[in-house]
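To keep things clear, I will list the structure first and then write my remarks on it.
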């Protein structure tokens, strides 16, 4: 089969790595890809939201399956366009992708389907939002209603923080159209976990759980980021609790979407809080997380390509996945200045030595080759270094052993990934 992966980050590198191992694969492309992906697939210079160009490429190169990585092409309608061209695409339509592109839409689905979530209100008027904060009090969570690349959520512990977020999103337009409307909700307390499912519109099968580390600094300090590391499995989420997520969150959402005439196909990502009152949904995403994808796929024993095809064909009721009895832990290496103003252009060396560590995998994200062919930093989150092992202790040891072999003085990482599960 001929497959086109869309994206250029660590998640897409992990997808290409897993797909490249499939005996069903005959040719792998990635648009636009990165230097690491280029070792596995043929990279093509097409942007992730250049939908017409992606469709034309897929038609010209007889692509059998398109696998979108990030949310932007899904929200831009890549699945709709590929369907119109009779090309299979493992991802939701634009309407179904509203589960991620609109926070208020997700809340409406929760209300319709009885999915447990935080109490919420939506505002298009900044003055009304400010009045709500002053009336309700803090802590509160202020969320941009639209897509904001992981930067549209502020957990406000004081009234001043909540008001500042409203001003930034709604008045100053720091997030553009994404922040013109906001959702303000109660602040849930507990441990956060991500659960993933592969869906075919009617059926869903679990893809595992992971725990992300959003804050930029050790001890969960500093601003939120797209994710500084992750691990899987999650000891805090028992198999029984994971089944509860499937029964009370994932499947009710699928039923609600199907009832609306917009069945959901692809990866459904439930961001959850394990509260004293039980599991509550924080948000849905409509694709693999990054860096969660990088710790889930190394644990997958089954053929990923066959699973994605089954989702496209509506055959998941007869499909099952097998998993390695191992753990995985990923550490993100970011460029100095991230997340505010990451520095670009610094040379990165030692990836061969890092990859030689037993149990280690290095996934590229924000990398590029300079005119001399030297690998350089070209983004905020630049590399994801993943360790696998018999348990989380072994996985973390492998990950940090590989990190320490990378020669990149201008990069940094958190040194406490996995602290919740491993106690520091």
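Name the residue, out of 335, 341, that is without any contact (Cβ under 8 Å) to a residue 24 or more places away in the chain, within 15 Å of residue 410 (Cα to Cα) and not assigned by TED's automatic domain parsing to the domain that holds residue 28.
Of 335, 341, the one residue that is without any contact (Cβ under 8 Å) to a residue 24 or more places away in the chain, within 15 Å of residue 410 (Cα to Cα) and not assigned by TED's automatic domain parsing to the domain that holds residue 28 is 341.
I'm checking my understanding of the structure. Among residues of region 24-39 that are touching a residue at least 40 places away in the same chain (Cβ under 8 Å) and either closer than 12 Å to residue 375 by Cβ or assigned by TED's automatic domain parsing to the domain that holds residue 303 (or both), which one is surrounded by the most Cβ atoms within 10 Å (Cβ to Cβ)?
Among them, the one singled out is 34.
Looking at 382, 357, 362, can you tell me which residue is modelled with pLDDT of 95 or more, in a loop (DSSP other than H, G, I, E, B) and buried (at least 20 other Cβ atoms within 10 Å of the Cβ)?
The conditions single out 357.
Which of the numbered conditions does residue 229 fail, given that it passes all the others? Conditions: (1) closer than 18 Å to residue 141 by Cβ; (2) buried (at least 18 other Cβ atoms within 10 Å of the Cβ).
With (1) closer than 18 Å to residue 141 by Cβ; (2) buried (at least 18 other Cβ atoms within 10 Å of the Cβ) applied to residue 229, the lone miss is (1).
Would region 104-117 turn up any residue that is in a strand (DSSP E or B), buried (at least 17 other Cβ atoms within 10 Å of the Cβ) and outside the structural domain of residue 259 (by TED's automatic domain parsing)?
Yes: region 104-117 contains one or more residues that are in a strand (DSSP E or B), buried (at least 17 other Cβ atoms within 10 Å of the Cβ) and outside the structural domain of residue 259 (by TED's automatic domain parsing).
Yes/no per residue for (1) surrounded by fewer than 21 Cβ atoms within 10 Å (Cβ to Cβ); (2) farther than 30 Å from residue 310 by Cα; (3) at pLDDT below 95:
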position	(1), (2), (3)
177	yes, yes, yes
198	no, no, no
205	yes, no, no
210	no, no, no
217	yes, yes, no
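Since residue 320 meets every condition but one in (1) in a helix (DSSP H, G or I); (2) closer than 30 Å to residue 86 by Cα, which condition does it not meet?
(1)
Just to check your reading of the model, which residue among 62, 56, 52 is surrounded by fewer than 19 Cβ atoms within 10 Å (Cβ to Cβ) and in a loop (DSSP other than H, G, I, E, B)?
62
When you go through 254, 237 one by one, which is the residue that is part of a loop (DSSP other than H, G, I, E, B), crowded, with 19+ Cβ neighbours inside 10 Å and either at pLDDT below 95 or over 16 Å from the mean Cα position of the chain (by Cα) (or both)?
Result of the check over 254, 237: 237.
Restricting to region 320-334, count the residues that are buried (at least 24 other Cβ atoms within 10 Å of the Cβ) and farther than 13 Å from residue 394 by Cα.
4
Might you check whether a residue that is buried (at least 19 other Cβ atoms within 10 Å of the Cβ) and either in the same structural domain as residue 296 (by TED's automatic domain parsing) or not in a helix (DSSP H, G or I) (or both) occurs anywhere in region 76-85?
yes
List the number of the failed condition for residue 313; all other conditions in (1) touching a residue at least 12 places away in the same chain (Cβ under 8 Å); (2) exposed (fewer than 15 other Cβ atoms within 10 Å of the Cβ); (3) closer than 27 Å to residue 375 by Cβ hold.
The one condition residue 313 does not meet is (3).
Looking at region 326-335, can you tell me whether even one residue there is more than 30 Å from residue 201 (Cβ to Cβ), out of contact with any helix residue (DSSP H, G or I) (no Cβ under 9 Å at 6 or more places or on another chain) and outside any helix (DSSP H, G or I)?
Yes, the conditions are met somewhere in region 326-335.
Could you tell me whether any residue of region 6-14 is part of a helix (DSSP H, G or I) and surrounded by fewer than 21 Cβ atoms within 10 Å (Cβ to Cβ)?
Checking region 6-14: not a single residue is part of a helix (DSSP H, G or I) and surrounded by fewer than 21 Cβ atoms within 10 Å (Cβ to Cβ).
The values are calculated or read from the model by the stated rules, or taken from the named source; none is laboratory data. Because the structure is predicted, anything quoted here is derived from the model rather than measured. Note that each Cβ is placed from the backbone with ideal geometry, even for glycine, and that neighbours are counted across all protein chains shown.
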